[in-house]
Every structure is written in structure tokens, then in C-alpha cells.
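K.L.:
The structure under discussion is supplied below as C-alpha cells; questions concerning it will follow.
The values are calculated or read from the model by the stated rules, or taken from the named source; none is laboratory data. Small disclaimer: the values here were computed from a predicted structure and weren't measured. FYI the Cβ positions are ideal-geometry reconstructions off the backbone, even for glycines, and counts take in every protein chain you see.
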Amino acid sequence: MKTFFLIFSLITASSDSTSSIKTYVPESGLNIVWITAEDLSPRLMAYGDSTVSTPNLNRLAKSSVIYDNVYSVSGVCAPSRSALITGMYPTSIGTNYMRSSGHKVEGLPDYEAVPPPEVKCFTEFLRAKGYYCTNNSKTDYQFDAPFTAWDENGSKAHWRGRPTGTPFFSVFNFLTTHESMTWNEANWNKFIQNLPTSRQESVRKSKRARIQNEKFKNPEAVNPGTVEVPPYYPDTEKVRNSIASQYHNLLILDRQVGKILTQLEEDNLLDKTIIFFFSDHGDGFPRSKRWLYDSGIKVPMFIRFPNGYRVGERNDDMISFIDFPPSVLSLLGIQPPKYMHGQAFLGKYKATPRTFIHAANDRQGDTYDRIRAVRDQRFKYIKYYETEKPFIQPLWYRDDYNSIMQELLRLKKEGRLNAKQLLWFRRTKPKEELFDCVADPHEINNLAENPSYKPKLKQLRKAHKKWLKNFEDFGKMEETEMVSVMWPKLIQPKTSNPVFQKVGNGNKISITSSTLGATVAYKFSGDENWKIYTVPIKIPEKTTITAKAIRLGYEESDAVNFKKTK
């Protein structure tokens, strides 16, 4: 444990953030849009699945590069989203436990993870360089989204709110394919009834509820008889109905994607914008979500470039979520910061394709289970660190509402699951698993004990050990101990207030915070949005400057005002 304290202390004392962001005026005006789904494996025609027709996604895919080997860093959303916003492995920055808030772990408060001081939301670099950044739904980074990350953050956030001619980066996240959207009507109603009374009515009126009600009124939109049931599930009516429900969700998602494409066309921006489509991790079903099998971490991804560039290409490079932030920066000609664990797979600073991707699991809800995975283009290695624990531990969100999980539990109790379906119910775990993900895409046949695969096992085992050496793993540390390092005495630290200081001949002013890693932002009286502070600014006449500072995981500072006096 001393190693972690030492490393954390060294990281915490290593750098000042504001000096690492340089002012830049964009030259090309190129825009980027992320359209993100939730809990969705590659169930699309572009990946050979023709269960349902999705004309808008098909249209997007046909005008894009289709990526075949894209992986989240976790089988669940919050750690994955922390990687997408920082370019860092969650296990190395303390965002690996699902979740840092809203859990039920005794003695552990709701907390915000505190990454090393140099770590930023990568959108801060875009905003400092003149981009208007918007996010329409869900941050869930394991730390609160800092006020410096987005110009607009909320359901109405849109590139249309930007000053005319300003380049933009916009995220549109859709909940439509989320795990909860596959619940049957009885489980959905039970979920609402179990909510605090104060929340029940708002959930009933939510957009999520409207989509659910649409499905309940039209349950035959997707014929359950047409879906494929993987071998680790029993082929029953309830399982088929649940899988069909996900395809129904996909039909609704397709319309939502079409709306974004139409808006880009209406604004004459379609060929001035790079469009990413991907999901936050794999399917929201048991043995997929929260797990490191491909069904939990492999995601679809299309990237559409302007003016037909690279149309029709397929790419099989190994790509991790930590590679997304440096790739966006690289596409816009911005050199990614060296602290990022990820590497650019596009743009000016494109790196040599990676050989391996890495993924991790730690606490889910209130149950701990440290698992790590390495994958190359064909094989998956999984390392279990707590082999004495069963594969399945209690998880109320899944067990109480997920129809497939309930069917699995019922049939196991009745002794009606076959050998493949019982694998996930083993009372202990092996130390290692090795799968040929091409010959065995459902990851059923463990090759770790097969002598023929010993060289591959040794190669991936070595890759895992190298990863642990290069990127320290907070999963080795008790979570309460980790939090006590980030939040001394389990109290959230507060960012120091900004300090104004005149520089040069006195007509400019610098703004600093003594908190290492703090981003400073300011605005003039009458401004709506905060600007990222990078270099001394000219002191305006008869105008108040307001400044605030924030370090990830810290409470933001107080707002401090400055007004020029004679």
C-alpha cells in the first residue's frame, strides 16, 4: 500500500495545469460530433446483423469508416465515461469503482474521484482553443463535470447555441438502448414503485418512460422468433422477448440518429463535420454488462469524414476508449498532452496501432471482484484476482429488474440450465481464462489449460503484467483507503480561490490558483459562458472580471471579482 501513497503523492505534486493549455485560433473550422448510444453491442447491419432495418444508421455506416475492433475499458458506463473524457485508464486515476456515488458500501461516503493534477477533461483543451463544446445528456465521469468542461451541458445543449461561425464539438448521448429500457412492463412498474415517492412522478413523465410506453403498446415491432439467442442463455420466451426489446430500442435509436444527421444537413454542416457513432460499452444483458467478455466491452463504431473521405473503408486496428480524446485533439491539429494513456488513431499525431487493449472490473454496486483482461485481434486473456468468489454476486439493479437474469435464476433453481449456461454460475473462478474470440465469439471454451495455446497464454499474461507495471492499479488498494488519500479525513478538498495579479505595464492581468491541477476560468460582466484562462488578459475598462477555479474531484472555488480602478 505504501507504493500507492508514494505514487499518488508524487503525481499530486507534479504539475501546474493552466500553463499546459496554449491559446490557439482554429484555422479550418472543422467540427466534431459524437453520437453515443448506451449498452449496445455491434447489433447492426454493418456488422452482419440484419434482425432489424436501421436506415439512418445504415446510411451513416455507408458513408463512414467502419471500425471492427473498438473496446471500452470496462463493461459498465461510469469507468468507461471517465476514460472517454480524460484519455486515462480508470484503474490508474481512481475512477474504477462503479459508482463513486449512489452506492451502498458501508463506511464509504459518496465521493468524487480525484485524478492526478495534470488530468483534464479533454474538452478544456478544445475550449481553450476556441471550440464551442456541448453535451446534451449524461456525464457520469466518477467526478462531477467541472464547469470548465462544457459551454453547454444539459438536455438543451446543442451546437446551435454557439456564436455564429464558431467551430464546435458536440456530444449527443441517447439512453434508448440502456439496460433499463429492456425491462418488461411489470419490472418497469416495480422499479418506479420502489423509487422514493418524490421521484416517481418525474420518472413516469420522463423521456425514458415515453419510449418504454411506446414499446409496451407495440410489443410486436420485432418478432422474438427472429432473434439469435447466445448459447449462455436458455432459449425461452422471456429471453427472446428481452433480446427483441433491445432491437426495438435500436429502431427508436435509429430515428434519433437520423434527427441529428438531418439537423447537420439543415445547417449546411454535414460536410464540415466529423461524426463518430459508438456506444459506451456492450449489451445491457447479464454476462455482458459489467463483464469483460466481448459482449460487455466490444462496441460498434463508425466515423464519417466530410466530402466522402475514406468512404467504404473497414478498419481492424485495436482501439481503446482511452484513445478517443487524443484522437479528437489530433484530428484538429492539436498535440495530445503527454500525460494521456491513450494514443491517437487518427489525425496529425496518429500513432502506430496498438497490439493490445486492456479492460478492468472492480466493485459493482456493493460487491467487489477484481478482474483484468487483455485482448489482441484474436485472443482474450482474463485474470481473476479473487478466485474464491463466485462469478455471480448479488446486484439488485440487475437481479430485481432484468428479465433475462430473473429467467436464469429461475431455471437454475429448477435444474434446467445446461453446462454452457451454468458456467456463469460457478461458485469459484479459475485464475485465468483464455479465449479464441474468432473461433469462439461467445467465449465459452477456456483454453488456458490447453498445451497447444501455452505460447499465447504466456504472451498475454506477460502483456498484462507489463500493463500493471506501466500503469499503477488502484484496484490493489482498498477503496476506503484510496478515498481517504483523495479526500483527507473523507472530506472533499476545495479548490483555492483565484488570485488576480497585474503584469507587464499594468494593462494585463494574470489569474492563478494555488491548487495544483486547477483550471482557472473567467468571464466579463454580461458574459454567459466561462472562458478558459491560458495567458494574461487585457484589463477592460469599466468591466468586472469574475474568476473561478476547479480541480477534478475537488469542490470548485468561490467566485472572485476584479474591477479596474484608476
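K.L.:
Which residue pairs have Cβ atoms under 8 Å apart, sit 6 or more places apart or on different chains, and have a first residue in the range 395-415 that is free of Cβ contacts under 8 Å to residues at least 60 places away in the same chain and of a type outside the set (Ser, Thr, Tyr) and a second that is surrounded by 16 or more Cβ atoms within 10 Å (Cβ to Cβ) and not in a helix (DSSP H, G or I)?
P.N.:
Close Cβ pairs satisfying both conditions: 396/365.
K.L.:
Any idea which residue in the range 213-230 is surrounded by the most Cβ atoms within 10 Å (Cβ to Cβ), counting only those that are outside any helix (DSSP H, G or I) and at pLDDT 90 or above?
P.N.:
Among them, the one singled out is 222.
K.L.:
I'm trying to understand the selection: among the residues of the range 500-517, which are closer than 30 Å to residue 553 by Cα and either among the acidic types (Asp, Glu) or in a loop (DSSP other than H, G, I, E, B) (or both)?
P.N.:
If the condition is that a residue be closer than 30 Å to residue 553 by Cα and either among the acidic types (Asp, Glu) or in a loop (DSSP other than H, G, I, E, B) (or both), then 513, 514, 515, 516, 517 are the ones that fit.
K.L.:
Let me ask something else. Before we move on, is residue 503 aliphatic (A, V, I, L, M), at pLDDT below 95, more than 25 Å from the chain's Cα centre (by Cα) and not assigned by TED's automatic domain parsing to the domain that holds residue 89?
P.N.:
Working: aliphatic (A, V, I, L, M): yes; at pLDDT below 95: yes; more than 25 Å from the chain's Cα centre (by Cα): yes; not assigned by TED's automatic domain parsing to the domain that holds residue 89: yes.
So residue 503 passes the test.
K.L.:
Which strands (runs of 3 or more DSSP E) sit wholly inside the range 366-448 and have at least 1 residues that are at pLDDT 95 or above, aromatic (Phe, Trp, Tyr) and surrounded by 16 or more Cβ atoms within 10 Å (Cβ to Cβ)? Quick ask: steps written out before the conclusion?
P.N.:
Numbers: elements: 371-375, 379-384, 432-436.
Here the list reads 379-384, 432-436.
K.L.:
Within the range 39-75, which residues are of a type outside the set (S, T, N, Q), touching a Gly at 6+ places or on another chain (Cβ under 8 Å) and surrounded by 24 or more Cβ atoms within 10 Å (Cβ to Cβ)?
P.N.:
Correct list: 39, 40, 75.
K.L.:
Follow-up. Of the residues that sit in the range 73-94 and are of a type in the set (Val, Ile, Thr) and part of a helix (DSSP H, G or I), which one is nearest to residue 280 (Cα to Cα)? So that I can check it myself, show each step before the final result.
P.N.:
Within the range 73-94, the subset of a type in the set (Val, Ile, Thr) is 73, 76, 85-86, 91, 93.
Now drop any that are not part of a helix (DSSP H, G or I), which leaves 85-86, 91, 93.
Values: 85: 12, 86: 14, 91: 17, 93: 19 Å.
This residue is 85.
K.L.:
Within the range 518-545, which residues are more than 18 Å from residue 127 (Cα to Cα) and touching a residue at least 24 places away in the same chain (Cβ under 8 Å)?
P.N.:
Let us first name the residues in the range 518-545 that are more than 18 Å from residue 127 (Cα to Cα), namely 525-526, 538-545.
Those that are more than 18 Å from residue 127 (Cα to Cα) and touching a residue at least 24 places away in the same chain (Cβ under 8 Å): 538, 539, 540, 545.
K.L.:
Output the residues belonging to the range 438-454 that are closer than 13 Å to residue 378 by Cβ and out of contact with any Lys or Arg (no Cβ under 6 Å at 6 or more places or on another chain). Show your work before the answer.
P.N.:
Keep residues of the range 438-454 that are closer than 13 Å to residue 378 by Cβ, which gives 438-441, 443, 447, 453.
Matches in the range 438-454: 439, 440, 441, 443, 447, 453.
K.L.:
How many residues does the range 181-198 contain that are out of contact with any helix residue (DSSP H, G or I) (no Cβ under 8 Å at 6 or more places or on another chain) and exposed (fewer than 11 other Cβ atoms within 10 Å of the Cβ)?
P.N.:
4
Here's the yes/no breakdown for (1) more than 19 Å from residue 180 (Cβ to Cβ); (2) free of Cβ contacts under 8 Å to residues at least 12 places away in the same chain:
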{"position": "258", "(1), (2)": "yes, no"}
{"position": "268", "(1), (2)": "yes, yes"}
{"position": "295", "(1), (2)": "no, no"}
{"position": "308", "(1), (2)": "yes, no"}
{"position": "311", "(1), (2)": "yes, no"}
{"position": "319", "(1), (2)": "yes, no"}
{"position": "322", "(1), (2)": "yes, no"}
